[in-house]
Each structure stands twice: as structure tokens, then as C-alpha cells.
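Below is one structure, written out as C-alpha cells, with a few remarks after it.
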């Protein structure tokens, strides 16, 4: 298994796999900016995956793309670079397929419901993406590339909504992490958009567990699936702010930045959630963020991971 | 595999052009012992939903949230069946019976509509009047519209009269005239409803919290009847639960009435001081006019120190009220966007003109 990107979701996937107790891993650097170096580094990844395929230790070769430097406010240039990187991965998968025709290969993409459905409420199973910004268009393009990837036996697209997770040094932080962190430090959090904006917050560990379960179970064995990973319960920014205040025990200071509009509602109908999926309640998740931060924010020793960007190669068996 | 060059515009053609702007409405219904009425209620909501879809009004009934508040009859089974039949219905199941206001708040916190309508499950509140509430709201720039019964709702003179008297007394004590209008059939602007819901605590009277976010409230007379009593059933509320309701309204209220105690204390203290001063002058100037000895000084001491004690307790209550208001979630300020009302106002005017 090759896990590209160990940010909020990637590290949750990795931790979920480690909790299964069957993961051996090694880290390999991967450059975003130096294309020649990136090509060489991908070559190393390709060789390693090829070795596993030949040794028949791996029942299946899995590739997970949870990488991304481009955020919600990324420009078209930022997203173009990321799309190129994803294309390189798929080309690598194609080469592995050609040299190991009998190998079962699956590719999973962590997409974004927020980017695809920005401005839509009660997103139903049949909802059509309507991307409003380059980030959403990037995700849609990545999904299309994946669907057209004939080298993979099975492909999966995961569309999480607004993901929140533990506070980790060096990792990008979302609204909830910032509110908890700044709340404990009595610092001001800058809010972009309006406080009545609705989001569907989903706990990163839930996303990681879902992805790892499907990887380990090999579901689907053949074909394509797309899943929206959300809680099905909208929450306003105002509600989140009050919740954090109750949890940290005092007022949380905020200021509003009207320059960058990010106030479209994004909510998901409970019917859009995949079977067997159970989302952690927002109150519980935010409590986890807070308690983990109070405990030093280090988590368990097994949480240690190298700085970004890296590819995690693991063997689960 | 299709190759996309770095210069390829990231417009895959799969995006959808912007859909016409719609004003989304959510309904919230707390359910307790309502199995006999739920199907009819859902049918009426479905009819309204279809009417709006066919009309030229920019309205969409996007969801109906039913909150199972620890029902002991077959309401839960009926709700599950209805949820399977209609994809716009969501059922929220509470762990136990929490009460109407907590259940309403739970439902509101699951909504995504621009407007939220709360209505009871026993057909006392007919969905066909939702458009009337909306019209009244947008035409008058309101954030909350309560349905006001045109005649006695419960056919129980005692219940209706005592409810009116109690709310009237509280409205006078708290200087909040909207208390008289409070009704569980209400239309609330979505942002305001969810903001109020998010600050509510376990003993909150929801409408009092709403009052903290907006003063743009009004009532609209509508024909409301207690179908449950009319069909020979018992009202959904026992006398004990009604008293609990009344208690919750009192303790969620603004604390102006607490100042009455400190005002009385101050006046009493000043009276005692004034009387004492008068008697002292009388003693110095015309002692022969004083009758009984000792009684006056005792009276002055009691009024002065009693008044002082009442005043100090009142001051203590003032500090407590600051904490209470914070616990109740009264906001320092709340920013609102009413711009979408213009769209509905225009369409309603067109409809009225045609």
C-alpha cells in the first residue's frame, strides 16, 4: 500500500491501519516542487511496489491519494500543480499494471464534498457537483482521471465534508482546531465568512477508519465506488464557536475577515451516507480535540511521523 | 488514460450552471404520543411541498425533521416507515423524553433551511398556513412569526385563561410584550433559530432565547384547534408538565423582575432613613410631641436595616443575573442577513397582482 499525503486525513488512515496491528511501514520523501526529483522518487516507490507484487506478499497493491497542498482558497496555478502530481501517480500505476498484469490494484482518492458541492444543502445521493472555485474543479478533475484509470482493478472516491481532527504541529488547522487552540491560549481566531454558515463537520478518525476498513477488506474488489463521508447533521459556525466555549470553559475571542468569502452552506442529507457508516457526534469530537491538546497534543508514541511531504509505504497482512 | 496538460483549463464540463435561487424551508415537529396523527401531517406536508414545486414561488420545502421525544406509543415505528417512504423526511430519536422545547431545539439543530417552521404533531398546526406565516414575515421584515389562535384552542376554558393570564403577568414583569404571543407554531428565520438553539441549555424556554437574538417578532391570527381533544383524546400535556412549562418560562425570562426586590429595598431603606431623621429633629425641637418612647426608634431601625438587606440582596441578584444571562446564551450582538426576503416579496406581489 502506498499512502500519498499524511496530513489530517492521511495520518488518520495511517493510525487506523496501525490500530489493526498489521502494518509495517517505511517512509519515502516526495517532492512537490522539483519535478525531476519527484520523478526519481516515484521511481523508488514504483520499484518497491513492484517488489511486493513479485514476492506475492501483497494480495493487492493499494494506492491512496490523500495529498494536497491546495486548500479551499487555492488558485488555478496551485491546483494545476496538484493535478499534475496526481496524474504522475496514475501513470505510475499504469506502468506497474503493465509489468505485473496479474496483480490486483486499487486506487483510492480522497476528494472533497465541500469543494464539489459548495453552496448546496441537503446533498442527496444523486446530487450533481457544482464547483464554485478551482479547488472544487481540481477534485472533480482528479475524480474523472481516476474513473478513466483502466490500470486499476478497483477505484474508490471518498468525499468527506468539513474534516476536523487533532491539533498537530506543522499540520494545517481548520476552524475547530483553531478555535480550540486559540481558545486555550486566549488568542483571537480570525473567522472567514459568516457565523451562520452551515457545514457538516466530520471527525478525521472516522474518515480514516472508514478508508482503512475498505482497504483492508478489499471493498470493492472490482469496479468503482464513491462515498460521501459526513455526519448528516448541519452545524453553523456560531454553534461550533459556542460548543468550543462550553468545552474550554470560557469565552473564545473571534474577529471576522470579510475579504475572503467562504460563507456558502454545505450540508448533506443523512440518506447520502454509506451503509455501515457511523459518524462521531460533534460534541464528542471537539472534546477529543481539546483533551488531546491538553494532554500535550502528542498523542501516542505510535503517532510519530515524519514531516511533510512523504509517501508512506505499508504492508498490511 | 486521458492526459491533461498543465495548461488545460480545469473546466471539465461536468459542472452545473447556477440553479435558480430558492428559499428553503424546513419543518420541525417534536413527537410524543402522536402515532394517530403523523401520517395525516406528512400527507399535508407532502401536498404543500408539491404545491410549492408547481407554483412560481421560489420556495422549496426541503426537509421535515421529526424528533421522537421518547414516545411510548407506536410513533417511532410510524416515523421510521414515513422516513423510508419520503426522502425529505429525517427522524431524530432522543434517548428519553426531554420535553417539547429540548426536542424542538434538537430538531432545529438538524435543519438547513432559510426558514424553520415548528409545528406540533397533533394536527393543531396545519401546514397549509405556513405560506401565510412566511408572507407576513417577509412583508413586514420579521424574523419570527407566531401563529395566534383566533379562538380558544383547547376547548378548556381554564387552560386557555390561565395560560393567557400567566403570560400576561410575565410580559408585564419582564417588559417583553412578545411573551403573550409565544406559541409552538412558529416561523423563525433559519439562522436565528439555529443560533438560538445552539446557545440553549437544558432548562431553556426556547422563545425567550429567541427574544435575545431579535425583536422583530409578531403574531398572525390563524384558526388553530386541538384535534387531540376534539377527537376525544387527552391533551398531550399533563397538569404537571404544564406547570413545568410555566416554570421554565419564568426562569428563562429576563431578570428585570428581580429588580423589583432591590427597588422595594431601596425605598424601604430611604423611608427608614427619612423617618429616623424626622424623629430625631422632632426629639430635638419638640420632644413634648412625642408619645410612646422607644417604639419609633425600633421601627426606624427595622425599616432601615431591612431595606438595606433587601437592597444588598438585590445587588447580589444583579450580579447573578449577569451570569444567568451569559448561561442562557444572550448574545452581545448577532449579525443577520435579510436580503433573500426581497426575492419572495417580489414573487408574492406578482402572484397577488396576477
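A short reminder: the numbers here are calculations on the coordinates, not readings from a lab. The structure presented is a predicted model; accordingly, all values stated were derived computationally and were not measured. FYI the Cβ positions are ideal-geometry reconstructions off the backbone, even for glycines, and counts take in every protein chain you see.
Rg and Dmax, both from the Cα atoms of chain B and both in Å, are 27.8, 117.
When Rg and Dmax are taken over the Cα atoms of the stretch B:257-327, they come to 16.6, 59 Å.
Seen through its C-alpha gyration tensor, with square-root eigenvalues sorted a ≥ b ≥ c, the protein assembly as shown comes out prolate because a/c lies at 1.5 or above while a/b is bigger than b/c. A Gaussian network model of chain A, with springs between Cα atoms under 10 Å, assigns the largest mean-square fluctuation among A:134, A:220, A:160 to A:220. Taking the helices alone, chain A has a mean residue ellipticity at 222 nm of -12500 deg cm²/dmol, built from -39,500 (n - 2.57) per DSSP H run of at least 4 residues and averaged over all its residues. Just so you know, the Cα atoms of the stretch A:2-316 work out to an Rg and Dmax of 19.3, 60 Å. Compute the helix-to-body angle for A:282-294: its Cα long axis versus the longest principal axis of chain A, expressed 0 to 90° and rounded to tens. Here the helix axis deviates by roughly 90 degrees.
Put in line by how crowded their Cβ is, counting other Cβ atoms within 10 Å and starting with the fewest, B:83, B:63 read B:83, B:63. Compute the Cα gyration tensor for the stretch A:1-77, then decide on rounded, prolate or oblate, letting a ≥ b ≥ c be the square roots of its eigenvalues: rounded whenever a/c is under 1.5, prolate when a/b is larger than b/c in the other cases, and oblate in all that remain. Oblate, because a/c is 1.5 or more while a/b does not exceed b/c.
Provide the percentage of antiparallel DSSP beta bridges, counting only those with both residues in the stretch A:124-245; round to the nearest 5. Around 15 percent antiparallel, to the nearest 5.
With each label modelled as a point 7 angstrom along the Cα→C-beta vector, the residue B:169-residue A:187 pair spans 5.3 nm.
Comparing A:233, A:156, A:190 in a Gaussian network model of chain A, where Cα atoms under 10 Å apart are tied by springs, the biggest mean-square fluctuation is seen for A:190. Quick check: the angle from helix A:237-248's long axis to the longest principal axis of chain A, C-alpha only, nearest 10 degrees? Its long axis makes an angle of about 80 degrees. Note: relative contact order over the stretch B:257-327, using C-alpha pairs below 8 Å and six or more positions apart, is 55 percent. Structure remark: mean-square fluctuation, Gaussian network model of chain A, C-alpha springs under 10 Å; the largest value among A:218, A:68, A:21 belongs to A:21. For a paramagnetic label modelled on residue A:253 (point 7 Å from Cα along Cα→Cβ), amide N atoms under 12 Å away belong, within the stretch A:186-201, to A:186-190. Helix B:157-174 and the long axis of chain B differ in direction by around 70°, with both axes built from C-alpha atoms. In chain B, the calculated helix contribution to ellipticity at 222 nm averages -16000 deg cm²/dmol per residue, counting -39,500 (n - 2.57) for every DSSP H run with n ≥ 4.
Only beta bridges with both residues in the protein assembly as shown are counted; by DSSP, about 25 percent of them are antiparallel.
Taking the number of Cβ atoms within 10 Å of each Cβ as an exposure proxy, the fewest-first ranking of B:88, B:295 is B:295, B:88.
Each Cα pair under 8 Å and six or more residues apart adds its separation to the average, and for the stretch B:23-253 the resulting relative contact order is 23 percent.
Size check on the stretch A:137-287: the Cα extents along the three principal axes, sorted descending, read 52, 33, 31 Å. Computing FRET efficiency as 1/(1 + (r/R0)^6) for residue A:271 and residue B:326, where r is the C-beta to C-beta distance and R0 is 35 Å, gives about 0.35. With both residues required to sit in chain B, DSSP beta bridges show an antiparallel share near 25%. Sorting A:222, B:78 from the fewest to the most surrounding beta carbons within 10 angstrom yields A:222, B:78.
Expressed as a rounded percentage, what relative contact order does chain A have, with Cα pairs under 8 Å and six or more residues apart? It rounds to 28 percent for chain A. On the beta carbon distance between residue B:337 and residue B:280, with R0 = 51 Å, the FRET formula returns roughly 0.20.
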